[in-house]
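First up is the structure itself, then whatever we jot down about it.
The values are calculated or read from the model by the stated rules, or taken from the named source; none is laboratory data. All figures in this text were calculated on a predicted structure; none of them were measured in a lab. Reconstructed Cβ throughout: ideal geometry from the backbone, glycine too, with neighbour counts over all protein chains shown.
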Amino acid sequence: MAVAAACAGLVVPLFSARAGDPPVPAANTPGATIISTSHRFLVSGMSSAENAALATAAEDVADRIESVMGRRMPFQRGQTLQLSVRYQEDNPRSQVIKAQGWVDRQLAQKLVIINPATADQEDILEGLCWLMLNSYVVGRQTFEERTTRLGTVPDWLSVGFAQSMYLSLRARNSHVVLRRWQRDESVALTDIMVLEYLPEGRWAEKAFCGVAVDCLAEQPRAGEVFGAMMERRARGGKISADWLAEVVTGQPKARDLEKIWDLWIAQQSNVKRQLGGITEEDIAALRAQMTVRPEEFGIVAATNAPSEMDFAELVEYRGEPWMVSLAAVLSLKVKGLGLGASPEFRRVTNLYGEFLDGLAQHAAAGWFSRLVRNVPSRRGLERLLASADEGLEVYRQELKAREEYVTDVERESRGGWMASDTNEIARMDRTIPRSDLQRYVDEIEKQIP
């Protein structure tokens, strides 16, 4: 059995049972073991309510990783990632131990959280991301490769995913990175990519990892880029700066990648926060399409039709022959706004697209076809439009809420970021001593089988 686990320089085998055996809850906690809704995560060791909350959090992390990767996490039938909480009264020190092994022709993974009350939540998040991203690597390995040595992602990548996952972390890390950049203390992307192993705790290097993953996630074909990384790690290769530059830019020159990186950091000083993928620009672009001037599309409307209409007024002219072309073109343009946008905004554009498709279908059908075929009636069109308008309003309210949240985060920044432990900059804006990092790496490499 191939096993790899890491925590504070200690590598230990955690799997002595057969894959699929449920973990035994801690003796001092009566709560039931919880299986998450997707059956991918199994949580034990706390009260039932706490186990359920951690299982839900794990599902959220998985969803966010899948959104960036552009594909589902490869889990075999019956495979689970186990999260086990343990309490050690004689040793108050917390630990987060991550482990994986190849057991009975299946990937077995486990995250052990010792003394969770004092554990750093970001260490837990980073451990989860390491295990989840590893499943993408192992899923690309042959049976022989898996039994020889299971693939893993470098810590800079898993830490980067964790540190770019939530708005509060991105805001804090952006602040740390920009401040260091302004002091000429920035970290080159080439130097970030050699961080194969990173110790627990909050360090400026981790802030740079988060901003680096955020930068890569915004590049064209980001899903393919991250997929190529997983494929390379599956074959046992290193993700070098020259290799990544060729994947991202088509040229195997690290300096081209560094230019992208320098520009990205520079933009942190005036970039408009993406608010988790939701932007005011999306709404403005959509509203511009909702003011319809048929002449701009080369369509001559009926003489009794106004030169400018909104979507509700289009319904009044649903039977006009020119509405077929107009609604079809509008549908393509509105749906096109959702390409490359956030899933939230894409849902809104799809709703309006359904309304416009129904309008074109209604205009193309004769009165008899509307009776015998499933063609939206006037009332049906109005319901489709009302549903789309409701979706837009929900989107707008979520944007408003997130803008208010960012304002609060920035207020915390001006006040020293002391309102939230997660956003405390002082703990993050410190570099790992080189000697400590080297000792940590040496110990890890010495004990990896």
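A Cβ distance below 8 Å, combined with a sequence gap of six or more or placement on separate chains, defines the contacts here; from the range 117-137, residues that are closer than 13 Å to Val96 by Cα reach residues that are surrounded by fewer than 23 Cβ atoms within 10 Å (Cβ to Cβ) and of a type in the set (S, T, N, Q) in the pairs Ala117/Ser94; Thr118/Ser94; Ala119/Ser94; Ala119/Gln95; Asp120/Ser94; Gln121/Thr422; Glu122/Thr422; Trp130/Thr152. Residues that are loosely packed, with under 14 Cβ neighbours inside 10 Å and in contact with a helix residue (DSSP H, G or I) (Cβ under 9 Å, 6 or more places away or on another chain) do not occur anywhere in the range 239-246. Scan the range 353-409 for residues that are within 17 Å of Glu280 (Cβ to Cβ) and at pLDDT 90 or above and the total you get is 3. Within the range 82-110, residues that are in the same structural domain as Trp130 (by TED's automatic domain parsing) have Cβ atoms under 7 Å from residues that are surrounded by fewer than 17 Cβ atoms within 10 Å (Cβ to Cβ) and outside any loop (DSSP other than H, G, I, E, B) in these pairs: Pro92/Thr118; Ser94/Thr118; Trp102/Thr147, counting only partners at least 6 apart in sequence or on another chain. If I filter the range 68-79 down to residues being touching a Ser or Thr at 6+ places or on another chain (Cβ under 9 Å) and of a type outside the set (Val, Ile, Thr), which single residue comes out as farthest from Ser342 (Cα to Cα)? Looking at the filtered set, the residue picked out is Gln79. In the set (1) in a helix (DSSP H, G or I); (2) over 30 Å from Ala222 (Cα atoms), the condition left unmet by Trp130 is number (2). The set of residues in the range 334-352 that are at negative phi and either part of a loop (DSSP other than H, G, I, E, B) or not assigned by TED's automatic domain parsing to the domain that holds Phe311 (or both) comprises Gly338, Leu339, Ala341, Ser342.
Would you be able to say whether some residue in the range 111-121 is polar (S, T, N, Q) and surrounded by 16 or more Cβ atoms within 10 Å (Cβ to Cβ)? Scanning the range 111-121, I find at least one residue that is polar (S, T, N, Q) and surrounded by 16 or more Cβ atoms within 10 Å (Cβ to Cβ), so the answer is yes. Number of residues in the range 165-196 that are buried (at least 18 other Cβ atoms within 10 Å of the Cβ) and among the basic types (Lys, Arg) equals 3.
Among the helices (runs of 4 or more DSSP H) contained in the range 207-316, which hold 1 or more residues that are closer than 26 Å to Tyr352 by Cβ and modelled with pLDDT under 90? If you could, list the steps in order and put the result at the bottom.
Details: elements: 222-234, 241-249, 254-267, 280-289, 311-316.
Helices (runs of 4 or more DSSP H) meeting the threshold: 280-289.
Just so you know, in the range 43-70 the residues that are over 30 Å from Arg346 (Cβ atoms) and of a type in the set (Ser, Thr, Tyr) include one that is modelled with the highest pLDDT, and it is Ser44. A single entry from Leu314, Leu326 fulfils the requirement of being in contact with a Pro (Cβ under 9 Å, 6 or more places away or on another chain) and touching a residue at least 24 places away in the same chain (Cβ under 8 Å): Leu326. Applying the criterion of at least 1 residues that are touching a Cys at 6+ places or on another chain (Cβ under 8 Å) and among the hydrophobic types (A, V, I, L, M, F, W, C) to the helices (runs of 4 or more DSSP H) found wholly in the range 137-202 leaves 155-163, 189-192. Kindly establish whether Glu144 is over 19 Å from Gly223 (Cα atoms) and surrounded by fewer than 20 Cβ atoms within 10 Å (Cβ to Cβ). In short, yes.
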